[in-house]
Each structure stands twice: as structure tokens, then as C-alpha cells.
1. Here is a list: Asp261, Asp219. Which entry is away from the ligand (no atom under 15 Å from the Cβ) and within 25 Å of Tyr173 (Cβ to Cβ)?
2. Using the structure shown, decide if Tyr68 is under 20 Å from Val391 (Cα atoms) and of a type in the set (Ser, Thr, Tyr).
3. Given the options Val316, Val278, Val274, name the one that is more than 26 Å from Gln49 (Cα to Cα) and β-branched (Val, Ile, Thr).
4. Within the range 367-397, work out how many residues are over 25 Å from Thr21 (Cα atoms) and within 16 Å of the ligand (Cβ to nearest atom).
5. Among the residues of the range 135-144, what is the count of those that are surrounded by fewer than 18 Cβ atoms within 10 Å (Cβ to Cβ) and closer than 17 Å to His111 by Cα?
6. Quick one: which residue in Val311, Val278 is in contact (Cβ under 8 Å) with a residue 60 or more places away in the chain, of a type in the set (Val, Ile, Thr) and over 30 Å from Arg425 (Cβ atoms)?
7. Counting only residues that are of a type in the set (Gly, Ala, Ser) and buried (at least 19 other Cβ atoms within 10 Å of the Cβ), which one in the range 369-396 is nearest to the chain's Cα centre (by Cα)?
Amino acid sequence: MSNKLSLFPPNTTITTEGQLTLNGHAAVELARQFGTPLYVYDVATIHQQIRAYRQGLARYAGSSLLTYASKAFLCTALVRLMTDAGVGLDVASAGEIFIAERGGADPTAMHLHGNNKSALDLREALRAGVGRIVVDNADELASLTKMAAEHGQPVKIWLRITPDVAVETVHEYTVTGTADSKFGFPIEAADSVARELLSQNSPIELTGLHVHLGSHFHDAGPVARALERLLELAAGWRHEFDWPFSELCAGGGWGVRYHPDDPPMPVEPFVAGVTAAVERGCRLRNLSLPQLILEPGRSLVGQAGVALYTVGGRKVMPGGRTYVSIDGGLADNPRPALYRANYTAVLANRAGEPETETVAIAGPYCETGDILIQAVDLPAAQPGDILAIPVAGAYQLAMSSNYNAALKPAVVFGEENGVKLIQRRETFEDLIRRDV
Ligand code: LLP
């Protein structure tokens with residue numbers, strides 16, 4: 001149990017009565033007040049992760065900007081939190097721009113991603129004054145050039161480079177920097193596009209380069225190798241066109257610990273690996289240090305989130321497998337089905353009891369794959385118990401669905417002085433709101 005506890009936000013405790021408390025708030029009490037499934041974000045943990053990134057970036061000899069990859073989890077309250085903390089936003093669609101604007105984000109500290117940005121995405125980015133467009137391919141560059149001319153203002157861009165460097169992640173779906181990836185320009189293509197751009201008069205201003213190798217890795221070595229390739233490109237353009245290489249985004253992708261068997265993944269080695277690679281690579285090539293931008297998602301919000309569910313029942317199958325069924329699953333967290341993501345859980349109202357059996361945690365949806373956890377040790381769970389799954393903050397709600405007309409869960413922010421509802425649970429009316 002104690003090694004499971006270390007996965008929760010650091011201010012999580014177990015009372016002498018065996019109650020799991022999140023920053024002083026009893027999980028069962030939150031479940032009673034707001035219903036389940038419930039997503040509880042510990043605000044202090046998000047700030048702790050922001051601080052860890054900032055401390056690492058402060059050691060970089062140039063300037064830096066921390067941005068949040070908002071696809072990990074986005075709502076207006078989180079935009080406000082990030083914006084108040086001075087964290088910029090990586091957005092990946094006109095929809096994310098909309099939420100970011102509604103949350104009061106500073107558009108100039110936003111950059112827009114996407115491997116097939118629609119005309120709407122680009123138009124909205126220009127209208128909102130999004131700081132940088134991360135151009136993915138030559139067709140996009142052509143449309144953006146036309147739009148920028150009509151817009152009548154220069155548009156600042158980065159080129160997204162696909163350096164053909166692999167990272168080790170838990171699933172092939174979360175690798176993005178290899179040669180056959182759908183994202184970004186291969187090195188040679190980037191080189192020719194940039195040379196053409198830099199040798200002509202264009203409303204497009206190339207201010208920097210971007211790379212993102214994948215998601216949920218825990219070795220900074222490949223990022224350092226990828227950055228070398230980007231710096232080599234930059235040095236060539238600097239030499240030939242006197243290009244003022246002023247910005248370099250090294251992406252995100254640092255992993256988090258989901259399971260007691262996972263190694264610790266503090267962000268420091270990632271940030272230190274990136275800053276050292278940029279400083280060394282620039283020194284070797286006589287480049288002045290660009291502003292360094294990072295865009296982590298999971299590692300800023302993953303550990304902050306805890307998902308609470310109510311146990312409906314249990315059954316023992318003839319093969320010997322015991323299923324404990326809960327009131328959420330595939331619809332609020334498709335990650336186990338998509339990536340075979342490995343989670344753990346505790347019974348929040350009986351967290352002090354010995355874990356006497358190994359069970360599978362099943363959701364209520366009509367899919368055999370709706371199993372949130374294949375095997376976890378728990379006390380013998382009973383209907384009405386509250387199950388808490390840690391590290392629920394990233395890519396769960398963001399990828400949630402209404403399968404089987406499931407209602408998307410409520411979300412609360414927990415702080416020392418109270419708990420605040422930031423997203424209400426969906427209602428049945430929400431399910432037909434779009435029907436005409
Ligand atoms: N930058 C870019 C360009 C990205 O595409 C992503 C994530 C990030 C940054 C942030 O990566 P992070 O720091 O969160 O690892 N749904 C998958 C993860 C997909 C990641 C998509 N891109 C999952 O649940 O594991």
C-alpha cells in the first residue's frame with residue numbers, strides 16, 4: 001500500500017480509520033458530495049511540477065518559456081491556472097484555441113500544432129493572434145503564406161522537424177519522431193523549404209525550430225541527439241542566410257510513474273538533458289543561445305489527477321478470475337484499451353486494510369476490453385466501496401467519450417482551503433444537445 005500511496009499527489013494521506021484523504025479532503029466525502037466517477041485534481045501538485053520545470057530551465061544560460069501541451073487535459077479553469085502561473089499553451093486545433101481564449105490565455109504565449117491544420121484552425125490562429133504556428137508540411141506553408149498576405153501582418157512560424165530519432169515509450173502509438181511518422185518535415189525537406197523561405201521576401205517569418213519525439217519516455221538521450229540535428233540545420237541557415245535563430249522548442253513527452261513497478265521519473269533529468277544539449281550544440285557551432293521552449297503535458301498534470309469510482313459488485317469467474325465492477329472505465333479512460341496502460345488502485349474507504357486478493361477492475365461498458373486494470377491487489381471489495389486510481393490527470397478526460405451514452409464525469413480542483421467544482425457532470429440533456 002505504501003508504494004501505491006507514493007503515486008498519489010504528495011499531500012495524500014491515510015487516516016488511522018483507513019480513509020484516503022487528498023490534501024485533507026476525504027475521498028469518500030468528495031465522492032458523496034460530487035458523485036462518481038469523479039476526477040479530483042490537486043492544484044498543489046500541478047504547481048509543484050511547474051516549479052520543477054522552471055527550476056531546471058533556470059539553469060539554462062539563455063531565456064526560456066514553459067508551455068503546457070493542453071491536449072493532455074483542457075478546460076477553462078486549467079487555462080486560468082496555467083496563465084496565472086505564467087505558463088504558455090501548446091494548442092492543437094481551433095477548438096483548443098477557443099477554450100484557451102475563454103480561459104483568458106495570453107495568445108502571444110500560445111503556439112499551434114497539427115499535421116493537417118484546417119483553414120479554420122489557421123484562420124482562428126491568425127485572428128486570435130496565436131504567437132507561433134508550428135508548420136508541419138509544405139502544403140500548409142503554402143496556404144499559410146497566402147493567408148498571411150491577406151492578413152496583412154507577418155506571421156511567425158517554427159518548422160516541425162522529424163529527425164528520425166526513436167524514443168522508447170510504452171506503446172508504438174506514442175512515438176512521433178521516427179522517419180515514417182506522420183508529423184513534421186524530414187530533415188532534407190525542412191532544409192529545402194527553409195532555404196526557399198529565407199531566400200525570398202515572404203509574409204512568413206521563420207523564428208525557430210520544433211521537435212517532439214513522442215510521449216511517455218524516460219530517457220533524455222534521444223532528445224539530445226534530435227536537438228543536435230536541429231542545431232546542425234540552424235547552423236547551416238545561419239551561415240548562409242545570416243538567419244537569426246531565436247527560438248527552439250524541444251517538445252514534451254517526459255513520462256510519469258503510473259504503477260509502483262515504474263521507476264521514479266522526476267523531470268530534472270529531462271530538463272537538464274535538454275538544456276545541456278542545446279548549450280553544448282550551440283557552443284560547438286558558434287550559435288548564440290535561442291530561447292528554449294518546452295511543451296510538456298502529462299508530466300505537468302498526470303500525477304495531480306485522481307479518479308474516484310464506486311464499486312458496483314464483484315464476481316468470481318469459473319477460471320478463478322475475480323472482477324470488481326465500477327461505474328466508470330473505457331468511456332472516461334480509454335488508455336488501457338488503447339495502449340495497454342498499466343494502472344493501480346486502492347479502496348479509498350478501506351485503505352488501511354490488508355490487500356487480500358488480486359482482482360480485475362471492470363468498467364460498465366459493452367466492450368470486453370473495458371477493463372481498467374487487469375490485476376490489482378485489494379481488500380475484498382464490496383458494493384459501495386470507493387475505488388481511487390492515481391495518476392489520472394493526463395489523456396483520460398481529454399480522450400473520454402460518450403460511449404453507451406455515458407455522462408462525462410465531474411471534475412474538481414482540490415486546494416488546501418477547499419474543493420471547487422470546475423466541470424459539472426454531464427446531464428442526459430447534454431447527450432441530445434446537438435441533435436436537430
Ligand atoms: N508536444 C506535441 C507536439 C505533442 O504532440 C504532445 C503530445 C506533447 C507535446 C505533450 O506530450 P506529453 O508531455 O504529454 O507526453 N494519448 C496518449 C499521448 C498522446 C500524446 C500526444 N502528443 C496517451 O494517453 O498516452
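1. Numbers: Asp219 fails: away from the ligand (no atom under 15 Å from the Cβ).
Unique residue meeting the criteria: Asp261.
2. Against the criterion (under 20 Å from Val391 (Cα atoms) and of a type in the set (Ser, Thr, Tyr)), Tyr68 qualifies.
3. Only one candidate qualifies: Val316.
4. Qualifying residue count for the region: 1.
5. 0
6. Values: Val311 fails: over 30 Å from Arg425 (Cβ atoms).
Result: Val278 is the single residue among Val311, Val278 that is in contact (Cβ under 8 Å) with a residue 60 or more places away in the chain, of a type in the set (Val, Ile, Thr) and over 30 Å from Arg425 (Cβ atoms).
7. Ala394
A quick yes/no check of all residues on (1) at pLDDT 95 or above; (2) buried (at least 17 other Cβ atoms within 10 Å of the Cβ); (3) in contact with an Asp or Glu (Cβ under 6 Å, 6 or more places away or on another chain):
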site: Asp90; (1), (2), (3): yes, yes, yes
site: Glu96; (1), (2), (3): yes, yes, no
site: Ile133; (1), (2), (3): yes, yes, no
site: Arg160; (1), (2), (3): yes, yes, yes
site: Glu168; (1), (2), (3): no, no, no
site: His171; (1), (2), (3): no, no, no
site: Ala179; (1), (2), (3): no, no, yes
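The values are calculated or read from the model by the stated rules, or taken from the named source; none is laboratory data. Keep in mind the model is a prediction, meaning the values are calculated, not measured. Because the Cβ atoms are built from the backbone with ideal geometry, glycine has one as well, and the counts that use them run over all protein chains shown.
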